[in-house]
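Student: Could you have a look at this structure, given as structure tokens, before my questions?
The values are calculated or read from the model by the stated rules, or taken from the named source; none is laboratory data. Keep in mind it's a predicted model, so treat the numbers as computed, not measured. Here the Cβ positions follow ideal geometry from the backbone for every residue, glycine too, while neighbour counts run over all protein chains shown. The protein model used for the area step is the full one, side chains on, heavy atoms only, and it has no ligands, DNA or RNA in it. Shrake-Rupley method; radii C 1.70, N 1.55, O 1.52, S 1.80 Å.
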Amino acid sequence: MYRTHTCGELRIGNVGNSVVLSGWVQRIRNLGGMTFIDIRDRYGITQVVVDEHSDKLVHGTVEELGREYVVQIHGTVIERSSKNTKIPTGEVEVHAENIVVLNTSELPPFTIEDDTDGGDELRMKYRYLDLRRNPVKNALVLRHQIAQEVRRYLDGDGFLEVETPFLIKSTPEGARDFVVPSRVHHGEFYALPQSPQTFKQLLMVAGFDRYFQIVKCFRDEDLRADRQPEFTQIDCEMSFVERDDVLNVFEGLTKHLFRKVKGLNFDEPFVRMPYHEAMSKYGSDKPDLRFGMPFVDLSAVVKGKGFGVFDSAEYVGGICATGCASYTRKQLDELTDFVKRPQVGASGLVYARVGDDGVVKSTVDKFYTPEDLQAVAQMMDAKPGDLILILAGGLKKTLSALCELRLEMGSRLGLRSKDVFAPLWVVDFPLLEWDDEAARFFAMHHPFTSPNPEDIALFDSDPGAMRANAYDLVINGVEIGGGSIRIFDRELQQRMFKALGFTSEEAEKQFGFLLNAFKYGAPPHGGIAFGFDRLCSLFGGADSIRDYIAFPKNNAARDVMIDSPSAIRPEQLDELSINIKPEA
Ligand code: ASP
């Protein structure tokens, strides 16, 4: 028997027990004849005391031990004289009678501590050592808990877990596909799924009216921070549903997860905000509603008064930062620098302070009368002591810059606590998005999303104005899930493909299997997918999804531990009839 208890298990009630522990050597401290060894496993740390002079110590010597050695300790639990209240086993220690080295270890390249000295790249290279550290281990424990609760909830609600294939057909779904060459079928390729979208729809045609799967998805996208080429979705689909049926089920799931995993109760229904409201009030389709500070369109009051920047702007918008009128020159310069960063993209910042006496003083006083400025303050609902921040320029660019500025102010004012959660549904997205470069429409969600029923008539007259029957679940400014009611009518699906610039032949070639299936009684259906990694990191209070993935890729899409991607043997290439072009 390797162990009678784990390293996180022993308590004061175990004093006097003979025990066997197995684990890794965390730390060794020699205090003249007495040596203290901390033994660690997944469950915790237990202190072992070795009295070198004790006639009870029959075997083993502490001299041969090193950090991260795997040891087995036979001993008796005793009460500690100086207790450690910080760990659950801190009231006891194990008086060693026998120490068995099960395996040695090289000195690890970084310390296995909560605050390690190991840099990112090194930790990824030795991920199996990194995973021994509490923060990373706890992240995976949290991920497991969330997955179990998802299964419990959906199973309880009649959902069936069905696996769909990974080797599928390349279809233009949005991102670029990862492809896999076929050896058997010369010159042909599989693609890895960007999501199980079409399969889950086919499951609806098959009559499996409630489906879910916790599933890997693959997207060969350009590298961006906090993106992984493979990631996990909680993928779901339902038949005989309208939008609100789907929202209710998955609002229920979200509330269940908050309750079970975070101990938080959300009694109120989640806010449902139309896309246009989200864009005009917060400049984003994923607004962070942990705080207010909505945008106010000031065009009507500030234009036409001779201030060129505002007069020539397509949009002038402001936010009101409560209690910030006392900001120093330096703080305001910082904010100006912030908005001018290329990632934010504004050309400058105009601000106005509302004094304690209610008088508004701004950087553009010479263009505006005191009454004009009062009108601005009134529109902004600004009170004495508040600071008004104004950006102007092209509509799209300014909304996005103001969004960044609002988030920055939210952070500066401490309004974005990781312990506060503000979920909402964003609904009524546009169905299609025009792309100037490609000179065609793209589906904002995906080509299977149904238009809002009232908007179908616009298909021929004004496709750009159609709203989608689509929805996103947004929490704290992060898109956690997205889905839609699907087109289930073959004709409508064909019209959609046409609007997206596919000829009938192309549509048939790419999506014939789906259009065919729709000939055989497709039920009305809709669904959603949650970004599981992101949900975990949100619940864990982290910014990055990486620590919630056991073996993630780095920001260059590499697995530095197994060294992948890597070249393959010439024979493998031969078998696939593939020649690698020399790099240009
Ligand atoms: N397949 C979609 C996605 O990955 C989600 C959905 O519409 O259910 O975004």
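Student: Of 497, 530, 502, 551, which residue is of a type in the set (Phe, Trp, Tyr), within 32 Å of the chain's Cα centre (by Cα) and over 27 Å from residue 214 (Cα atoms)?
Tutor: Answer to the selection: 497.
Student: Can you give me the number of residues within region 210-240 that are closer than 22 Å to residue 521 by Cβ and either within 13 Å of the chain's Cα centre (by Cα) or within 12 Å of the ligand (Cβ to nearest atom) (or both)?
Tutor: Total meeting the criteria: 4.
Student: All but one of (1) of a type outside the set (Ser, Thr, Tyr); (2) open to solvent by 30 Å² or more (accessible area, probe 1.4 Å); (3) more than 30 Å from residue 130 (Cβ to Cβ) hold for residue 561; which doesn't?
Tutor: (3)
Student: For region 190-209, which positions are of a type in the set (Val, Ile, Thr) and either within 14 Å of the ligand (Cβ to nearest atom) or farther than 17 Å from residue 159 by Cα (or both)?
Tutor: Hit for region 190-209 is 198, nothing else.
Student: For region 446-465, name all the residues that are part of a loop (DSSP other than H, G, I, E, B), within 15 Å of the ligand (Cβ to nearest atom) and not aromatic (Phe, Trp, Tyr).
Tutor: If the condition is that a residue be part of a loop (DSSP other than H, G, I, E, B), within 15 Å of the ligand (Cβ to nearest atom) and not aromatic (Phe, Trp, Tyr), then 446, 447, 450 are the ones that fit.
Student: On to the next question. Counting only residues that are farther than 16 Å from residue 200 by Cβ, within 16 Å of the ligand (Cβ to nearest atom) and either of a type in the set (Asp, Glu) or touching a Leu at 6+ places or on another chain (Cβ under 6 Å) (or both), how many does region 479-502 have?
Tutor: Looking only at that region, the number is 2.
Student: Quick one: which residue in 90, 75, 119 is surrounded by fewer than 13 Cβ atoms within 10 Å (Cβ to Cβ) and either of a type in the set (D, E, K, R) or farther than 14 Å from residue 41 by Cα (or both)?
Tutor: 119
Student: For residue 317, state whether it is open to solvent by less than 60 Å² (accessible area, probe 1.4 Å) and farther than 24 Å from residue 476 by Cα.
Tutor: No: the conditions fail for residue 317.
Student: I need the full set of residues from region 461-482 which are more than 15 Å from residue 541 (Cα to Cα) and among the β-branched types (Val, Ile, Thr), in order please.
Tutor: Hit for region 461-482 is 474, nothing else.
Student: So if I check each of 158, 187, 174, which one is within 15 Å of the ligand (Cβ to nearest atom) and either crowded, with 17+ Cβ neighbours inside 10 Å or small (Gly, Ala, Ser) (or both)?
Tutor: When all the criteria are applied, what remains is 174.
A quick yes/no check of all residues on (1) at pLDDT below 95; (2) within 24 Å of residue 266 (Cβ to Cβ); (3) of a type in the set (Asp, Glu):
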residue	(1), (2), (3)
381	no, no, yes
387	no, no, no
407	no, yes, no
421	no, yes, no
424	no, yes, no
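Student: If a residue counts only when it is small (Gly, Ala, Ser), which strands (runs of 3 or more DSSP E) contained entirely in region 299-401 have at least 3 such residues?
Tutor: 315-321
Student: Six or more apart or on different chains, Cβ atoms under 9 Å: show the pairs whose first residue is in region 24-53 and within 16 Å of residue 9 (Cα to Cα) and whose second is outside any strand (DSSP E or B) and basic (Lys, Arg).
Tutor: Listed by first residue and then by second, the contacts come to 24/67; 24/132; 40/132; 41/3; 42/132; 42/137; 47/80.
Student: Moving to a separate point now. List the number of the failed condition for residue 361; all other conditions in (1) open to solvent by 20 Å² or more (accessible area, probe 1.4 Å); (2) closer than 17 Å to residue 328 by Cβ; (3) touching a residue at least 40 places away in the same chain (Cβ under 8 Å) hold.
Tutor: (3)
Student: Would it be correct to say that residue 580 is open to solvent by 40 Å² or more (accessible area, probe 1.4 Å) and either hydrophobic (A, V, I, L, M, F, W, C) or in contact with a Cys (Cβ under 9 Å, 6 or more places away or on another chain) (or both)?
Tutor: Yes: the conditions hold for residue 580.
Student: I need every pair where a residue in region 255-284 that is among the polar types (S, T, N, Q) and modelled with pLDDT of 95 or more has its Cβ under 7 Å from the Cβ of a residue that is open to solvent by 70 Å² or more (accessible area, probe 1.4 Å) and not in a loop (DSSP other than H, G, I, E, B), sequence separation at least 6 or different chains.
Tutor: Taking only residues 6 or more apart or on different chains, the pairs are 265/259.
Student: Starting from residues that are out of contact with any Gly (no Cβ under 8 Å at 6 or more places or on another chain) and open to solvent by less than 10 Å² (accessible area, probe 1.4 Å), keep the ones in region 513-528 and report whichever is farthest from the ligand (Cβ to nearest atom).
Tutor: The residue in question is 515.
Student: Follow-up. Pairs needed: first member in region 294-310, free of Cβ contacts under 8 Å to residues at least 60 places away in the same chain and open to solvent by 30 Å² or more (accessible area, probe 1.4 Å); second member anywhere, among the β-branched types (Val, Ile, Thr) and in a helix (DSSP H, G or I); C-beta distance under 9 Å; at least 6 residues apart or different chains.
Tutor: Nothing qualifies.
Student: Okay, moving on. Considering only region 1-31, state which residues are closer than 17 Å to residue 65 by Cβ and either not in a strand (DSSP E or B) or not hydrophobic (A, V, I, L, M, F, W, C) (or both).
Tutor: Within region 1-31, 7, 22, 23, 26, 27, 29, 30 meet the criteria.
Student: How about region 466-580: which helices (runs of 4 or more DSSP H) wholly inside it have at least 2 residues that are in contact with a helix residue (DSSP H, G or I) (Cβ under 7 Å, 6 or more places away or on another chain)?
Tutor: 490-499, 504-517, 532-540
Student: Another question, if that's okay. I'd like the full set of residues that are of a type outside the set (A, V, I, L, M, F, W, C) and within 18 Å of residue 527 (Cβ to Cβ), limited to region 179-209.
Tutor: 193, 194, 195, 196, 197, 198, 200, 201, 207, 209
Student: Out of all the residues in region 479-486, is one or more aliphatic (A, V, I, L, M), touching a residue at least 40 places away in the same chain (Cβ under 8 Å) and buried (at least 16 other Cβ atoms within 10 Å of the Cβ)?
Tutor: Among the residues of region 479-486, at least one is aliphatic (A, V, I, L, M), touching a residue at least 40 places away in the same chain (Cβ under 8 Å) and buried (at least 16 other Cβ atoms within 10 Å of the Cβ), which makes the answer yes.
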